[in-house]
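*Asks:* Would you mind keeping the following structure in view while I ask a few things?
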Amino acid sequence: MITTTFLENKSYIEDDNNSMNNNNRLEKNNRLEFSGFETVLFNKQLTNLIHCPIIAKGRYTVPLTVDTIGIESFSQCKGITSIQISESVKRIGYMAFENCSSLASIIMSGAVEEIGYRAFTECTGLNSIYLLSEKIIKLKTDSQVFHKVDKTACVLYVAMGTKSEYQQAPQWKEFQNIVETDKF
């Protein structure tokens, strides 16, 4: 794994053997550390997904180490077609998937507790959302999580026995096609 360190407007690249590309050694408490995996930027502990490059394409599964998808982390990733949000993720940041216009499918576990303001705004290609939990994911009335998503065309798949709750819940009730399923 490669670690990138930023300090005083300089960056240092360090590999797993702790050799730095400029022969400078700095105390760990004086630097910010980030880790990269498959071109996606995480914090050192791999718990916070910070940034996905806009050139990313296809399907992406959030690693099980991640508990937070950061603010605007996938913003403008117009080549992403599907995202699977693992059961470790509790928070999805403000505008995290903003303008991912090719995003067609979201698979989200029930561990998600918070979805930020306009997290999926302008995901105009979105046609299915799978919510894999019997526990309803609550959204605030003013956060416009799915701003400019076609809620008449996008199908919201929910766990058996939860359809009526989603039909009454803020923002979820705007989806015209809510389907109960036990096949995830």
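*Asks:* What are the residues whose amide H is under 5 Å from the amide H of GLU180, where those residues sit 5 or more places off or on another chain and H is modelled from the backbone?
*Replies:* For GLU180, the qualifying residues are VAL158.
*Asks:* Let me see the pair-distance distribution of the stretch 49-99: every alpha carbon pair, 5 Å bin width, integer percents in order.
*Replies:* So the P(r) values, bin by bin, are 6, 23, 33, 28, 10, 0.
*Asks:* For the stretch 82-129, report the % of Cα-Cα distances exceeding 11 Å.
*Replies:* So the portion of pairs separated by more than 11 Å is 66 percent.
*Asks:* Output wanted: per-residue J couplings in Hz (rounded whole) for the stretch 109-116, from phi through Karplus 6.51 cos²θ - 1.76 cosθ + 1.60, θ = phi - 60°, x for Gly and Pro.
*Replies:* 6, x, 6, 4, 10, 9, 10, x
*Asks:* Between the alpha-carbon centers of the stretch 67-117 and the stretch 124-153, tell me the distance in whole angstrom.
*Replies:* Answer, in whole Å: 11.
*Asks:* Taking the simple approach of a point 7 Å from Cα along Cα-to-Cβ for both SER86 and THR141, what is their distance in nm?
*Replies:* Between SER86 and THR141, the label points sit 3.7 nm apart.
*Asks:* Follow-up question, since we're still on this one. Could you tally the net charge around GLY125, taking each other residue with its Cβ under 14 Å from the Cβ of GLY125, Lys/Arg +1 and Asp/Glu -1?
*Replies:* Every neighbour counted, the sum reads +2.
*Asks:* Ok, one more. What does the charge count near TYR94 come to, summing +1 for each Lys or Arg and -1 for each Asp or Glu among other residues with Cβ under 11 Å from its Cβ?
*Replies:* Around TYR94, the charge tally is -1.
*Asks:* Across the stretch 45-181, how large is the tail of the calculated P(r) beyond 24 Å, expressed as a percent of all Cα pairs?
*Replies:* Looking at the stretch 45-181, the distances longer than 24 Å represent 19 percent of pairs.
*Asks:* Let me ask something else about it. Once the convex hull of the alpha carbons of the stretch 124-177 is built, what does its volume come to per residue, in cubic angstrom? Display every interim value, and only then the final one.
*Replies:* Numbers: hull volume 3.7 nm³, N = 54.
Dividing the Cα hull volume of the stretch 124-177 by its residue count gives 69 Å³.
*Asks:* Which entries of LYS78/LYS138; LYS44/LYS90; LYS138/LYS163; LYS138/LYS173 have Cα-Cα distances beyond 21 Å here?
*Replies:* As for pairs spanning more than 21 Å Cα to Cα, those are LYS78/LYS138.
Read-outs throughout are calculated quantities, based only on the coordinates presented, and are distinct from any laboratory measurement. Here the structure is a predicted model, which means the values were calculated and not measured. Glycine gets a Cβ as well: all are built from the backbone with ideal geometry, and neighbour counts include every protein chain shown.
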